[in-house]
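Colleague: One structure follows; several queries about it will come next.
The values are calculated or read from the model by the stated rules, or taken from the named source; none is laboratory data. Please read all numbers here as calculations on a predicted model, not as lab measurements. Positions of Cβ are backbone-derived with ideal geometry, glycine not excepted, and every protein chain shown enters the neighbour counts. Note: areas computed on protein heavy atoms with side chains; ligands, DNA, RNA excluded. Shrake-Rupley method; radii C 1.70, N 1.55, O 1.52, S 1.80 Å.
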Amino acid sequence: KSMTRKRFNDLTKAHSRDYAINELQSRILHNVRITQRILEHCAANDIYHYRLSSKLFPLITDTTLNLSIENFSNYNSIVEELKKIGQIAKQHGISISIHPDQFNVLASKRSDVVNKTIAELNFHARIMDYMGLPQDYSAPMNIHPSTSTYDPTEDNLREIVDRFYAAFKKCDEGVQKRLVVENEDKGCWNCGNLFMYFHNYCGTQHKHFFPLTYDNLHDHFNPTNFQDQIVTQEQNVSAFASTWKKNVPVFHFSWGKEDKIRSHA
């Protein structure tokens, strides 16, 4: 269950802010309990990885509303139910990841966007901590570079990585120990550039080698060409898998929708 900012404000006007908060917190508790049922379903169907919905906690990081789950009257219940998610996952050997929305842009040149992204990532990491998930790449947080640039020059790509890393270092430890980066379906961040700059360059320049999430659909629409040859899926999978070292890689593999081929079906 979600809630838009408009709906929250409409409830506030029609009733009161407390009324709107009560409706929101009940929806959040519902979402957390639904996630427990989803994990039980996964276990029953031999599915051993689950990507948490980034919509579990609608509006909480909306800076215009000044909300905090710590101030909710059902805060303790939410925390207890989050712990159960971690316990169910551990009991059944299910690993968990999360993929915050694409408006999270650590490399943005706008400080307000960067600050909002840091707050969003910190919040998601805290939720994973409540679940008791490890602060390492076995519980990865995945985002895109999402800089909307088509300038593939070396100086520009290095500058983007430098900005990304500078903002990354301002994030909480729970983010820094989990964050991984994914190839995109357009622009300069195809598999080759992601590997070259977010893994190799960042590792050499900043002593941090980001693990890389391979997305086959994005690779299909934004392939890597090297010496007039398209780099194969097998080559990209192998290269990206190596960036996870001893951790099990978490990749995204899907087909596109028939009516909207770039969208994951």
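Colleague: Report the paramagnetic label zone for F253: residues of region 131-153 whose backbone N is under 17 Å from a point 7 Å from Cα along the Cα-to-Cβ axis.
Modeller: Zone members listed by number: none at all.
Colleague: Here is a further query. Mind giving me the FRET efficiency for H30 and T232? R0 is 51 Å, r the Cβ-Cβ distance, nearest 0.05 is fine.
Modeller: 0.70
Colleague: Same structure, new question: Mind listing the phi-derived Karplus ³J(HN,Hα) values for region 52-66, rounded to whole Hz, using 6.51, -1.76 and 1.60 with θ = phi - 60°, and x for any glycine or proline?
Modeller: Those phi angles translate into 4, 5, 6, 9, 4, 10, x, 6, 4, 9, 6, 5, 6, 9, 6 Hz.
Colleague: Related question: Calculate, in nm to one decimal, what T12 and R51 gain on full extension: separation in residues at 0.36 nm each, minus their alpha carbon distance.
Modeller: So the extension gain works out to 10.8 nm.
Colleague: What FRET efficiency do you get for K90 and I261 if R0 is 51 Å and r is their Cβ-Cβ distance, rounded to the nearest 0.05?
Modeller: Approximately 0.85, to the nearest 0.05.
Colleague: Between F209 and F103, how many nm apart are label points set 7 Å from Cα along the C-beta direction?
Modeller: 3.6 nm
Colleague: Here is a follow-up. Identify which of F209, F72, F226 has the largest mean-square fluctuation in a Gaussian network model of the chain, with springs joining Cα atoms closer than 10 Å.
Modeller: Most flexible of the set in this elastic network: F226.
Colleague: While we're on this one: Dividing the convex hull volume of the alpha carbon atoms of the chain by its residue count, what do you get in Å³ per residue?
Modeller: Spread over its residues, the Cα hull of the chain gives 146 Å³ apiece.
Colleague: Take each of the peptides 212-225, 58-71, average the number of other beta-carbon atoms within 10 Å over its residues, and list them starting from the highest. It would help to have the intermediate numbers written out before the result.
Modeller: Numbers: 212-225: 19.4, 58-71: 14.4.
Going from most to least packed, we get 212-225, 58-71.
Colleague: Same structure, new question: If packing is taken as the average count of other Cβ atoms within 10 Å, what order do 99-112, 157-170 fall into, highest mean first? Before the final figure, lay out each step's value.
Modeller: On the way: 99-112: 16.0, 157-170: 18.7.
Descending packing order for the listed peptides: 157-170, 99-112.
Colleague: Right, another one. Would you mind getting me the FRET efficiency between M3 and E159? Use the beta-carbon distance for r and R0 = 30 Å, nearest 0.05.
Modeller: Efficiency, from the Cβ-Cβ distance: 0.20.
Colleague: Here's something else I'd like to know. What translational diffusion coefficient, to the nearest whole µm²/s, does region 151-265 have by Stokes-Einstein, given a Kirkwood radius computed over alpha-carbon pairs, a temperature of 25 °C and 0.890 mPa s viscosity?
Modeller: In µm²/s, the coefficient rounds to 165.
Colleague: Here's something else I'd like to know. I'd like to compare 25-32, 118-125, 249-256: which one has the highest average count of other Cβ atoms within 10 Å, and what's the full order after that?
Modeller: Ranked from most to least packed, the peptides come out as 118-125, 25-32, 249-256.
Colleague: Same structure, new question: Using only C-alpha atoms and all pairs of different ones, pull out the Kirkwood radius for region 89-138 in Å with one decimal.
Modeller: Working: mean 1/r = 0.0813 Å⁻¹.
Hydrodynamic radius (Kirkwood, Cα pairs) of region 89-138 is 12.3 Å.
Colleague: Can you tell me how region 62-169 classifies by the Cα gyration tensor, rounded, prolate or oblate, using a/c under 1.5 as the rounded cut?
Modeller: oblate
Colleague: Over region 176-231, what per residue volume does the convex hull of the Cα atoms give, in whole Å³?
Modeller: Per residue, the Cα convex hull of region 176-231 comes to 78 Å³.
Colleague: Another question, then. For the chain, calculate the relative contact order in percent as a whole number, restricting contacts to Cα pairs under 8 Å that are 6 or more residues apart. Mind showing how you got there, number by number?
Modeller: On the way: 396 pairs, mean separation 34.9, N = 265.
Here the relative contact order equals 13 percent.
Colleague: For region 110-173, what percent of Cα pairs sit more than 14 Å apart?
Modeller: Roughly 65 percent, rounded to a whole number.
Colleague: Under 15 Å Cα to Cα from K13, which aspartates and glutamates show up? Leave out anything in the same chain fewer than 8 places away.
Modeller: Within the straight-line cut-off, K13 pairs with E23.
Colleague: Continuing with this model, one more query. At 1.4 Å probe size, with the rest of the protein present, what percent of the exposed accessible area of the chain is carbon and sulfur atoms?
Modeller: Exposed carbon and sulfur together represent 49 percent of the surface.
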